[in-house]
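What follows is a set of notes on a single structure, which appears directly below.
Read the figures in this text as sums done on the coordinates, not as results from a lab. Note that this is a predicted model, so its numbers are computed, not measured. Neighbour counts run over all protein chains shown; Cβ positions are idealised from the backbone, glycine included.
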Amino acid sequence: MSGDAARAAANPVGVHALVWVAGWSEPEARHAIARTREAGFDLIEIPLLDPRSVDAAMTRRLLEETGVAATCSLGLPFDADVSSADAAVVARGEALLTEAVDVTAALDARFLGGVVHSAMGKHLAAPTERGRRHAIEALRRVAERAAHREVTIGIEAVNRYESNLVNTAEQALALVDEIGAENVVVHLDSYHMNIEESDLGTPVHRCGARLGYVHVGESDRGYLGRGTVDFAALFQALADTGYAGPIVFESFSSVVVSPSFVSALAIWRDPWHDGLDVARSARAFLEVHLAAATAGRR
């Protein structure tokens, strides 16, 4: 194996399930996992917005049949927001995260990330100190349960229209530090970084070893390389810091995703109409950039 190929192989490269399917019935799961393998990815990220809807035994069987690995993610709803000032709402959020951890472990997956720290959506006010404390306390307990199941929790920094608590890498690092659990890491996403960060390299360097998961998405959530995201800077920083964790392509179109998710993510126009084509394009794009970043580091 060449040096560039070896470097690229160090990062498991994945794709979000919503590139393929809107739900997770057995036919949908079979289709999504098979397409993930067909497009050349190592893993599929399975959303656990409703953990009880995911048949873990069936999914694990399909993953084992194809040799595809899995990670999981979710975004909390407003009625289960662990950063709420309302203790009852926080309790619902913690229960949802606990269920998601258990499903993640049952899938033999090792990562649960996303907007696990607040409700995913547009907030009308800044977070309160009480709400922030609630989030930290709930995530400490969830992280403890996750550690027993060998699951890592990722705190995703998302744009200001999807969280009022964690929008930047600095805020994610601060929350990770306050939670204080070894299995809680920062989850960065180029789509959100392109909105909230001044550049895409500095946040990666600031996170260092605490960066545990990376989403790659274009500025319009469509084909990689056709928007304004500075992927060269991002991948160079990942190479410079020796990041060896998952790199997962995330893109959404109403051609696939459910109406409720369309509303939550404000997908008012479709950046693509063929999931397989956008996924294959992304896989080739990632391979080129991983190799180029490695060469640039020499």
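So the label point goes 7 Å from the Cα of Glu150 along Cα→C-beta, right? Which residues of region 53-88 then have their backbone N under 20 Å from it?
56-73
How long is the gain from Tyr223 to Thr128 if the chain were fully straight, where each residue apart is worth 0.36 nm and the alpha carbon distance is subtracted? Before the final figure, lay out the partial values.
Details: separation 95, 0.36 × 95 = 34.20 nm, distance 3.75 nm.
Going from the current span to full extension adds 30.5 nm.
What shape does region 45-120 take by its C-alpha gyration tensor, where a ≥ b ≥ c are the square roots of the eigenvalues and a/c under 1.5 counts as rounded, a/b above b/c as prolate, and the rest as oblate?
On the way: a/c = 3.19, a/b = 2.51, b/c = 1.27.
Verdict is prolate for region 45-120.
Along Cα→Cβ, 7 Å out, is where each label goes; now give me the distance between the ones at Ala34 and Asp277 in nm to one decimal.
Placing both labels 7 Å along Cα→Cβ, they lie 2.1 nm apart.
Given a Förster distance of 45 angstrom, what is the FRET efficiency for Asp108 paired with Arg269, based on the Cβ-Cβ distance and rounded to 0.05? Could you put the intermediate results ahead of the total?
On the way: r = 37 Å, r/R0 = 0.83.
Using R0 = 45 Å, I get an efficiency of 0.75.
Can you tell which of Val288, Val176, Val158 lies farthest toward the positive end of the dipole of the chain, using +1 and -1 charges on the Cβ of basic and acidic side chains (Lys, Arg; Asp, Glu)?
The residue sitting most towards the positive pole is Val288.
Tell me whether region 101-199 comes out rounded, prolate or oblate; compute the Cα gyration tensor, take square roots of the eigenvalues as a ≥ b ≥ c, and use a/c under 1.5 as the rounded threshold. If you can, show how the numbers build up before the last one.
Values: a/c = 1.91, a/b = 1.46, b/c = 1.31.
Judged from the Cα gyration tensor, region 101-199 comes out prolate (a/c at least 1.5, a/b above b/c).
Cα gyration tensor of the chain, axes a ≥ b ≥ c as square roots of the eigenvalues: rounded (a/c below 1.5), prolate (a/b > b/c) or oblate? Intermediate values should be presented prior to the final figure.
Values: a/c = 1.41, a/b = 1.20, b/c = 1.18.
Note, shape of the chain comes out rounded.
To the nearest 20 Debye, how big is the dipole of the chain about its Cα centre, given +1 on the beta carbon of each Lys and Arg and -1 on that of each Asp and Glu?
Numbers: 27 positive and 40 negative charges, 44 e Å.
Taking the Cα centre of the chain as origin, the dipole is about 220 debye.
Could you work out the relative contact order of the chain, using alpha carbon pairs under 8 angstrom and six or more residues apart, expressed as a whole percent?
Details: 609 pairs, mean separation 57.1, N = 298.
Dividing the mean separation by the residue count of the chain yields 19 percent.
Would you mind getting me the FRET efficiency between Thr202 and Met58? Use the beta-carbon distance for r and R0 = 51 Å, nearest 0.05. Walk me through the numbers before you get to the answer.
Values: r = 43 Å, r/R0 = 0.84.
Calculated value: 0.75.
Please list the non-local residues whose amide H lies under 5 Å from the amide H of Phe41, H modeled 1.01 Å from N, same-chain partners needing a gap of 5 or more.
Answer set, sorted by chain and number: none.
Quick check on the exposure proxy: order Phe249, Phe78 from fewest to most C-beta atoms within 10 angstrom.
Fewest-to-most ranking of Phe249, Phe78: Phe78, Phe249.
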